[in-house]
Each structure stands twice: as structure tokens, then as C-alpha cells.
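The values are calculated or read from the model by the stated rules, or taken from the named source; none is laboratory data. Being a predicted model, the structure only gives us computed values, none of them experimental. Every residue, glycine as well, gets a Cβ built from its backbone with ideal geometry; the counts of neighbours run over all protein chains shown. For accessibility, only protein heavy atoms count, side chains too; no ligands or nucleic acids. Shrake-Rupley method; radii C 1.70, N 1.55, O 1.52, S 1.80 Å.
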Amino acid sequence: MSQATLESVAASLAQPALATGISAPLVPLVPHSAESLHLLDDPHEWSAFSRRSGKAADCWESSVVVEGMHCAACSFTVEEAIASVPGVLQVQVSAATHRAKVVWSAAQVKPSLWMQALQQRGYRAVPANDVFASEQRRVETRKALWRWLVAGLCMMQVMMYAYPAYTAHPGDLSIEMEQLLRWASWVLSLPVMLFSCGPFFSNALRDLRRGSVSMDLPVALGIAITFAVSTLGTFEPAGAYGREVYFDSLTMFVFFLLTGRWLELRLRDRTAGSLEVLMNRLPESVERLNLQGVFERVAVRRLAVGDLVRVHPGEAFAADGVVEQGSTVVDEALLTGESHALERGPGASVVAGSHNLSSTVQVRVQALGGDTRFGQIVALMQSASVSKPRTAQLADRLAKPFLMGVLLAAALACLWWWRTDPEHALMVAVAVLVVTCPCALSLATPAAMLAAAGNMARSGVLVRNLQGLEALSEVDVVVFDKTGTLTREVLTVGRVLTRAGVSESQAVQMAAALAAHSLHPASKSVLAAASWPIYAGVSWTSDGVTEHAGLGVEGSAVAQAERGGESLTLRLGSAEFCAVASDAMADTPRAYLADAQGWLATFELHEELRDGASSAIQVLHDAGIAVHLFSGDGKASVQHVAAQLGIDDARSACTPADKLAGMQALQAQGRKVLMVGDGLNDGPVLAGAHASFAFGNAVQLAQAQSDFVVMGNQLHAVVHSVLLARKTMSVVRQNLWWALLYNAACVPLAVAGWLPAWLAGLGMASSSLVVVANALRLNRADFSRKGI
Amino acid sequence: MDILYLLIPLSVVLVFFILGGLWWAIDRGQFEDIEREGERILKDS
């Protein structure tokens with residue numbers, strides 16, 4: 001492919017999206033206006049995404065996220081586009097992260113110039129404001145890689161030097177040669193000791209100063225003892241330790257330990273990366289209506305509540321707000337787990353961090369920064385990830401005496417062996433120090449719980465504290481405290497009662513003619529019923545329909561088939577509006593139809609079940625969990641819902657006190673109760689339950705009193721969480737057992753002197769990896785659609 | 001076999017050279033985007 005064709009391919013990829021403004025899989029790219037780019041030419045803005053580069057005077061290094069990149073070929077096009085601008089010294093684009101690093105000279109070029117050059121090729125550059133955080137992580141990763149490689153290379157070479165000592169027959173190896181090999185090993189062990197082991201020593205020292213004990217102390221001790229013994233052997237071949245050196249063991253176990261740490265760092269980076277994706281969703285700048293009545297692009301941090309902003313398709317909303325003009329489709333998947341695009345018209349609220357997909361809208365800002373839903377979610381995720389579950393606290397408390405025990409065991413083993421074999425004694429102590437793995441013990445719980453919390457966040461459930469997961473895994477009763485958690489806000493027509501001489505289908509069709517002019521949920525339900533086969537009949541047309549807010553609709557209707565037939569004046573609405581005696585016994589919502597002679601028909605309305613409600617309840621039953629419904633609604637509608645779902649125990653007309661009493665009665669039987677509510681006015685019930693869920697679309701997240709908040713409204717998320725929590729606790733138990741058994745088996749082996757130091761290092765590194773890898777299985781678990 | 005007295009120290013020096021090369025590679029970020037160089041073949045300008 002020549003350069004020209006490559007470019008035209010890239011251009012053709014970008015062009016249709018630009019031209020039509022919509023495209024299904026691609027988020028359309030909207031070029032920044034030249035004006036918005038010039039904002040970035042202010043040197044005060046530079047420090048947010050750039051830093052001074054040491055390469056030349058007045059040189060800056062900027063980090064930008066390139067939008068519109070799909071493949072590796074794009075990264076070359078992007079590089080060329082930016083590099084072709086005079087004054088740009090160096091460009092580096094990563095296809096994997098979609099990030100570009102641009103080094104440019106402030107004397108010759110401004111950021112807007114190279115960003116415009118990029119836009120002409122159909123891409124868009126967004127300044128990356130997290131440049132410092134990611135830079136710090138990159139330095140850390142590089143250093144860890146470098147430490148690991150030094151240890152690995154030196155280990156290989158030291159092994160070469162050790163090889164003759166293992167295979168030579170007595171007398172094969174001259175004393176000078178053996179000495180030379182030891183010297184060479186010592187020289188190559190130095191970088192491992194001084195550089196690769198740096199973190200072990202510095203952490204051990206830090207812990208000693210603080211008077212605490214951590215994993216790194218026995219490791220550092222082990223390394224130091226081995227090196228000291230071997231160094232003595234090298235420089236005093238005739239001395240007490242002159243018979244053998246252990247540089248090969250030393251470098252090998254350092255290499256194994258570092259391999260374990262390196263893999264852990266990579267796994268952690270992946271989690272941090274996904275959180276960062278969430279943080280980076282807010283745009284940098286937004287179009288705000290200024291005093292002159294013109295939209296002008298300003299940085300997001302200059303926004304204030306009450307501003308009117310214009311958001312183009314393809315952009316993310318910068319703040320929570322209400323749509324004032326236009327209507328669009330938004331993607332809230334990352335915030336609520338709702339995978340479908342949602343329609344938002346005038347008056348609808350939009351949340352920061354969601355994406356505008358289809359058309360330009362004007363939004364009145366209502367909340368900014370930390371006050372937005374998005375800000376609350378990020379804050380909750382951060383606070384939950386540092387909270388410590390009880391088992392983890394227990395493991396941490398155990399770790400200290402455990403480490404003390406290990407140090408003691410090492411000392412005792414050393415003393416024991418000293419009497420018979422003083423040379424061997426120190427290496428036995430080293431093996432004991434290195435093989436013990438309290439980090440598997442203290443990693444067991446948090447690793448599994450964090451993986452589970454990440455999984456739940458993806459399916460739209462926020463974990464407010466990790467402790468809740470433990471409680472959630474034990475529940476055997478689920479109580480829904482609202483009919484509304486099981487039903488949608490949509491009503492359906494149930495029974496139809498009619499005046500003698502009027503058929504049910506006739507009544508439905510007459511009512512539907514009026515209902516077509518109203519948006520009230522009851523009207524919608526009647527209209528929907530008119531298309532059902534059982535109510536099929538002659539359809540009616542209406543004329544002169546007026547809607548009386550809160551009462552009903554009124555108008556004249558005529559059957560379509562009878563041309564010029566008799567026109568009836570009809571009223572559809574509440575009992576009062578239709579002037580009929582309301583049925584005092586009725587406890588479901590009803591709509592009435594009346595004509596000039598009075599009552600014509602009554603429609604019983606039922607709340608429609610949420611999608612998947614019955615399968616969710618079924619999965620709960622299959623998992624051995626009883627389902628109860630304590631509702632404040634009337635008996636008939638509660639019974640109706642309960643019967644459809646097969647709920648064991650449904651109580652109607654409950655006051656909050658009734659609900660609390662009912663829950664306490666269950667708890668008195670020794671049941672563990674999970675409350676699912678809307679989190680608004682049932683605080684005591686939620687707080688008293690073993691574990692609790694709140695549906696978060698009604699509440700301020702920060703005020704929700706439940707352990708978990710469901711951000712969307714899928715009932716399946718609750719089921720998924722319960723099953724995931726059970727799985728999580730079983731993983732935690734597996735991890736704890738593994739850590740206990742491993743230590744119980746290996747420490748005696750090491751004390752007995754059967755475990756060489758290198759094998760001990762391998763054992764310890766793999767033990768903590770087993771724990772982390774086991775926990776990561778939870779990342780992929782998906783219970784939302786299937787059963788257990 | 002006297003040559004070993006020269007070769008073994010030389011091997012130590014060689015290891016340090018290799019380490020130097022690795023440092024250079026890491027410092028230039030060559031391990032951060034492993035796929036990129038493989039995909040360079042797609043480009044023919």
C-alpha cells in the first residue's frame with residue numbers, strides 16, 4: 001500500500017462519520033473549532049497536559065489521547081500528520097493506548113497548529129490531563145522491568161559459573177579456577193544485590209523504623225544472610241564458610257520473587273487502567289453560552305451551575321444537567337450498566353460522563369465536579385477499594401505474629417543445625433525465611449473482593465463497602481420492600497367490567513380512541529390493550545379531544561365502520577371525572593369510561609413486571625433463596641405481582657414499621673435477610689438487614705444507606721451480585737486454605753533442611769501468584785443470565 | 001586451559017555490556033508497545 005492509499009483509506013474511514021454526523025458503530029468525530037484549539041495556546045493551560053522537556057530550550061512534551069484511531073496503520077498516519085508540522089521535534093503514538101507523546105518547541109509552534117494538522121486527517125487530539133499519574137506509573141513499570149531483567153540476566157550467567165562446581169570431580173578444578181569462578185559470580189551478584197533487591201531492603205528498613213513487620217523483612221534478611229555467607233566464602237576460601245558459595249541460589253530466588261512482583265504489578269496496572277478510563281471520560285472543554293448570547297468554548301473547570309452548554313454528538317457531557325433544547329440518544333453504559341442507548345428529550349436529565357450519540361443538545365448545568373453522579377461514583381469506588389473487609393483485617397492481624405513465628409523458627413532451625421553442621425545452618429535459616437508466604441495470606445481476601453467489586457461495577461452495581469460482600473454471600477432470604485422494584489412504571493389492562501349490552505372489546509376500542517390523545521400511563525395501557533387479539537373489534541375515531549390534567553380525557557368518538565354513525569361523547573379517566581361511584585373496595589388503579597348516560601366500563605390496571613423479573617426470581621429460587629415481598633401497596637396488585645412471579649410470601653399494605661417487624665421476625669428465625677429497596681425512605685429497614693441493595697436511580701448515591709447500589713434498573717444485577725458474592729467467598733476460602741496449607745507444608749520442610757533456597761524462592765513467588773490468579777477468575781464470572 | 005583466566009573475566013564484562021544495552025532499550029520505551037514494530041511491515045513508505 002502506498003502512502004497515498006493509506007491516507008485515503010484513513011480519510012474514507014473518517015469522512016462518512018463527519019459528513020452525516022451519525023454512524024452506528026463509530027462515535028462520530030466532531031472537530032474542535034479553531035477557537036477551542038486556540039484556548040490551548042495559553043501557556044497556563046500547557047501544564048495540565050504537558051511538561052518541559054529537557055531536550056532543548058523552551059521545549060515541551062505533551063501527552064494527548066488521539067480519538068478516531070482504529071488500527072496500527074492509523075498510528076503511522078497520526079505520527080506523520082503531527083511530525084509534518086515544523087517545530088514538532090518528536091512524535092510517538094501508541095496504538096494500544098491511543099496516546100501520543102509530542103515534543104514540540106514553543107518558539108516555533110503552538111499546540112493548536114499540530115492539533116489542527118491532525119484534524120485535517122480526520123483524527124482528533126484530546127489533551128490527557130492525567131499525564132502525571134500515568135507518567136509516574138510508567139516510570140515505576142520501567143524500573144520494575146529493569147530490576148527483573150538485571151536479576152534474570154545475572155542469574156543466568158551466575159548459573160554458568162556455578163555449573164563447574166556442581167559437575168567437577170574432586171581434583172578436576174584447580175583452586176585458582178574455583179576462586180576465579182567465585183569472584184566472577186560475586187561481581188555479577190553485586191548488581192542483583194544493590195539494584196534488583198533495592199525494594200526488599202528499603203521496605204524492610206521502612207517497616208523496622210515504624211516498628212511493624214512485613215513480608216519484606218524475612219526476604220531481606222534471607223538475601224542479606226546468603227550474600228554475607230557467600231561473600232565470606234569468596235574472600236576467605238580457607239575460613240568456616242569457604243566450602244561452598246550460594247550466589248546461584250541467591251540470584252535465582254531474587255529472580256523468582258521479582259517475577260512474581262512484576263506479574264502482580266501488571267495485574268494491578270490493568271485494574272488501575274480501567275479506573276482511569278472512567279476518570280478520563282469527562283471532556284476538557286465545553287461550549288458555553290456567554291453574555292453576548294454566543295456559544296464559546298471554555299475549559300470545564302470554568303463552568304458554573306446554571307450555565308447553558310451545547311453538547312455535540314460524539315462528545316461526553318461535562319456536568320449533570322437538564323436538556324433544554326433538542327433531543328438525542330445517550331450512552332450511559334459505563335455509569336449504569338445499561339447497555340442500550342437511551343433517549344433524552346427536553347426536560348430529561350443527563351449525567352456527566354455519559355456520551356451524546358445522535359444530535360446536538362443544549363443543557364442547563366445542575367451539578368459539577370464532585371457533586372455529579374459521576375463524581376459520586378468515582379469517589380465511592382475509591383473509598384470502597386480502600387475499605388478493608390473483616391477477613392482481610394483478621395489476616396493482617398495474623399500476619400504479624402506469623403512473621404514473628406517465622407523469624408523465631410528460622411533462628412531455632414539455625415541453632416539446631418549449628419551443633420551438627422554449622423555451614424548448612426545459615427542456609428536452612430535462609431530457606432525458612434524465604435519460603436514462608438504471609439503475602440498469600442494477606443492477599444487472599446482483598447484480591448478476590450476487589451476483583452468481584454470490579455465485576456459488579458461493570459454490571460452496574462456499586463459496592464459501598466467490601467464487607468457487604470461477605471454478608472451478601474450468606475443471605476438465604478431476599479425481601480423486596482416495594483412492588484416498584486419488581487414492576488415497571490408501565491401499567492397494563494387487567495379485567496374489564498362493562499355495562500350490560502357493551503362488549504369488552506367494544507369498550508376497549510372506544511376508550512382507545514380517546515386514549516390515543518393522552519400520554520398518561522393509564523391511557524397508554526388502554527391504547528396498548530386495543531391492539532391485543534382478545535379485544536379486537538371495530539375501531540373508533542375520535543374528534544375534539546381535550547385532556548384535563550389529573551382527571552382524564554373527553555371527546556366525541558364514532559365507530560369507523562359505520563359511516564356517519566352516531567357520535568358519542570365519551571369521558572375516560574378517574575371515577576370523579578366520569579361521575580361514577582368509585583369502588584371503595586378497589587385496591588388496584590382503575591380507569592373509567594362513561595358516556596352521556598353514565599358509566600360504561602371500568603378498566604382494572606396492573607403494573608407490568610420488569611423485564612427478566614420472573615427469571616431473576618426463578619434463579620434465586622434455584623439457588624435456594626426464599627423470596628418475600630413486603631409492599632405498601634394494596635392487596636390486589638401485590639397478589640397479582642406475587643402470583644405471576646411465584647413469590648412465597650407477599651404482604652400488602654405494610655407500613656415501614658411492619659416491614660421492620662417482618663424482617664426482624666425472619667432474622668429471629670436465624671435467616672439472613674437481603675433487603676432490596678429504593679433506598680429513599682426505608683433507612684432503618686435497610687440498615688437492619690444483613691445486606692441491602694438500593695436502586696440508585698431515585699437516590700443521591702452519597703445518601704444511600706445500603707451496602708450496594710444498583711445504578712441501572714435491571715433486577716438481574718441483584719441476582720448476579722448474590723451469586724457472585726457466594727463465588728467470591730468460596731474463592732476467598734480457597735485462597736486462605738491454600739495459603740495456610742502451603743505454609744504449613746513448606747515451613748517444616750525448610751526447617752528440616754530439605755528445601756534449597758532457590759526452591760523456596762520459587763515456592764513463595766508461585767504461591768502468591770496462585771492466590772492472585774484465582775481471584776482474577778472472578779473478573780470474568782457472569783451469572784446475570786444463566787443460573788448458578 | 002589458561003585462556004579461561006581471560007575468558008571468564010571477559011564474560012563478566014560482556015554481561016555488563018548486555019545489561020547496558022537492555023537499559024538503553026528500556027529507557028527508550030521499547031518494551032511498552034510490543035506490537036508496534038511487528039506492524040511496521042504494513043507501512044511501505
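Report whether or not A:R499 is among the basic types (K, R), modelled with pLDDT under 75 and either under 36 Å from the mean Cα position of the chain (by Cα) or surrounded by fewer than 22 Cβ atoms within 10 Å (Cβ to Cβ) (or both).
It is false that A:R499 is among the basic types (K, R), modelled with pLDDT under 75 and either under 36 Å from the mean Cα position of the chain (by Cα) or surrounded by fewer than 22 Cβ atoms within 10 Å (Cβ to Cβ) (or both).
Evaluate the following for A:A586: is it modelled with pLDDT under 80, of a type in the set (G, A, S), surrounded by fewer than 22 Cβ atoms within 10 Å (Cβ to Cβ) and touching a Gly at 6+ places or on another chain (Cβ under 9 Å)?
Spelling it out, A:A586 is indeed modelled with pLDDT under 80, of a type in the set (G, A, S), surrounded by fewer than 22 Cβ atoms within 10 Å (Cβ to Cβ) and touching a Gly at 6+ places or on another chain (Cβ under 9 Å).
Can you tell me which residues in region A:536-547 are buried (at least 16 other Cβ atoms within 10 Å of the Cβ) and either more than 18 Å from A:V502 (Cβ to Cβ) or modelled with pLDDT of 80 or more (or both)?
A:V545, A:E547
Find the residue count for region A:407-459, including only residues that are of a type in the set (S, T, Y) and surrounded by fewer than 18 Cβ atoms within 10 Å (Cβ to Cβ).
Summing the residues that are of a type in the set (S, T, Y) and surrounded by fewer than 18 Cβ atoms within 10 Å (Cβ to Cβ) in region A:407-459 gives 1.
Please go through (1) of a type in the set (V, I, T); (2) modelled with pLDDT of 80 or more; (3) open to solvent by 40 Å² or more (accessible area, probe 1.4 Å) for A:V361 and return the number of the only condition it doesn't satisfy.
(3)
For region A:506-544, which residues satisfy the criterion of being out of contact with any strand residue (DSSP E or B) (no Cβ under 9 Å at 6 or more places or on another chain), assigned to a helix (DSSP H, G or I) and over 16 Å from A:G555 (Cβ atoms)?
Scanning region A:506-544 gives A:P533, A:I534.
Among the numbered criteria (1) modelled with pLDDT under 90; (2) part of a helix (DSSP H, G or I); (3) open to solvent by less than 40 Å² (accessible area, probe 1.4 Å), which one does A:K143 miss?
With respect to (1) modelled with pLDDT under 90; (2) part of a helix (DSSP H, G or I); (3) open to solvent by less than 40 Å² (accessible area, probe 1.4 Å), A:K143 is out only on (3).
For region B:22-29, does any single residue satisfy the condition of being out of contact with any Ser or Thr (no Cβ under 8 Å at 6 or more places or on another chain), of a type in the set (G, A, S) and either facing another protein chain (nearest Cβ under 8 Å) or within 21 Å of A:W262 (Cα to Cα) (or both)?
yes
May I ask you to verify whether A:M193 is touching a residue at least 12 places away in the same chain (Cβ under 8 Å) and open to solvent by 50 Å² or more (accessible area, probe 1.4 Å)?
Judged against the criteria, A:M193 is not a match.
Give the residues of region A:43-74 that are at pLDDT 70 or above, in a helix (DSSP H, G or I) and within 14 Å of chain B (Cβ to nearest Cβ), sorted by residue number.
Hit for region A:43-74 is A:C74, nothing else.
Among the residues of region A:176-185, which ones are touching a residue at least 12 places away in the same chain (Cβ under 8 Å), facing chain B (nearest Cβ under 10 Å) and open to solvent by 50 Å² or more (accessible area, probe 1.4 Å)?
A:W183
Restricting attention to region A:217-247, report how many residues are within 24 Å of A:V406 (Cβ to Cβ) and either out of contact with any Lys or Arg (no Cβ under 9 Å at 6 or more places or on another chain) or surrounded by fewer than 20 Cβ atoms within 10 Å (Cβ to Cβ) (or both).
Final tally of qualifying residues: 15.
When region A:705-722 is examined, which residues are found to be open to solvent by less than 10 Å² (accessible area, probe 1.4 Å) and part of a helix (DSSP H, G or I)?
Residues satisfying the conditions are A:A717, A:V718, A:V719, A:H720, A:S721, A:V722.
Just checking, does region A:75-87 include any residue being open to solvent by 20 Å² or more (accessible area, probe 1.4 Å), at pLDDT below 85 and outside any strand (DSSP E or B)?
Looking through region A:75-87, at least one residue is open to solvent by 20 Å² or more (accessible area, probe 1.4 Å), at pLDDT below 85 and outside any strand (DSSP E or B).
Does A:E562 meet the test of being at pLDDT 80 or above and open to solvent by 20 Å² or more (accessible area, probe 1.4 Å)?
Answer is no for this residue.
Among the residues of region A:757-783, count how many are surrounded by fewer than 18 Cβ atoms within 10 Å (Cβ to Cβ) and under 25 Å from A:A425 (Cβ atoms).
0
Considering only region A:186-197, how many residues are within 13 Å of B:P9 (Cα to Cα) and more than 9 Å from chain B (Cβ to nearest Cβ)?
Total meeting the criteria: 1.
Hey, among the residues in region A:652-675 that are modelled with pLDDT of 75 or more and in contact with an Asp or Glu (Cβ under 7 Å, 6 or more places away or on another chain), which one's farthest from A:S473 (Cα to Cα)?
Top of the filtered list is A:S652.
Working carefully through the options A:L486, A:L514, A:L466, find the one that is surrounded by 22 or more Cβ atoms within 10 Å (Cβ to Cβ) and closer than 27 Å to A:D658 by Cα.
A:L486
Return the residues of region A:141-175 that are within 14 Å of A:M193 (Cα to Cα) and either in contact with a Pro (Cβ under 8 Å, 6 or more places away or on another chain) or more than 9 Å from chain B (Cβ to nearest Cβ) (or both); say none if nothing qualifies.
A:R147, A:W148, A:V150, A:A151, A:G152, A:C154, A:M155, A:V158
Would you please name the residue that is farthest from the chain's Cα centre (by Cα), looking only at residues in region A:167-209 that are outside any helix (DSSP H, G or I) and at pLDDT below 90?
Among those that are outside any helix (DSSP H, G or I) and at pLDDT below 90, it is A:G171.
Would you tally the residues in region B:30-45 being part of a loop (DSSP other than H, G, I, E, B) and either surrounded by fewer than 12 Cβ atoms within 10 Å (Cβ to Cβ) or more than 8 Å from chain A (Cβ to nearest Cβ) (or both)?
3
Filter region B:1-35 for residues that are more than 22 Å from A:W148 (Cβ to Cβ) and in contact with a Cys (Cβ under 8 Å, 6 or more places away or on another chain) and give the result.
Passing the criteria: none in range.
If I go through region A:417-429 residue by residue, how many of them are in contact (Cβ under 8 Å) with a residue 24 or more places away in the chain and over 52 Å from the mean Cα position of the chain (by Cα)?
3
Determine, yes or no, whether A:D633 is acidic (D, E) and either farther than 23 Å from A:F603 by Cβ or touching a strand residue (DSSP E or B) at 6+ places or on another chain (Cβ under 7 Å) (or both).
Taking the combined requirement at face value, the residue does not satisfy it.
Just the residues that are facing another protein chain (nearest Cβ under 10 Å) and open to solvent by 40 Å² or more (accessible area, probe 1.4 Å), please, taken from region B:11-21.
Within region B:11-21, B:V13, B:L14, B:F16, B:I18 meet the criteria.
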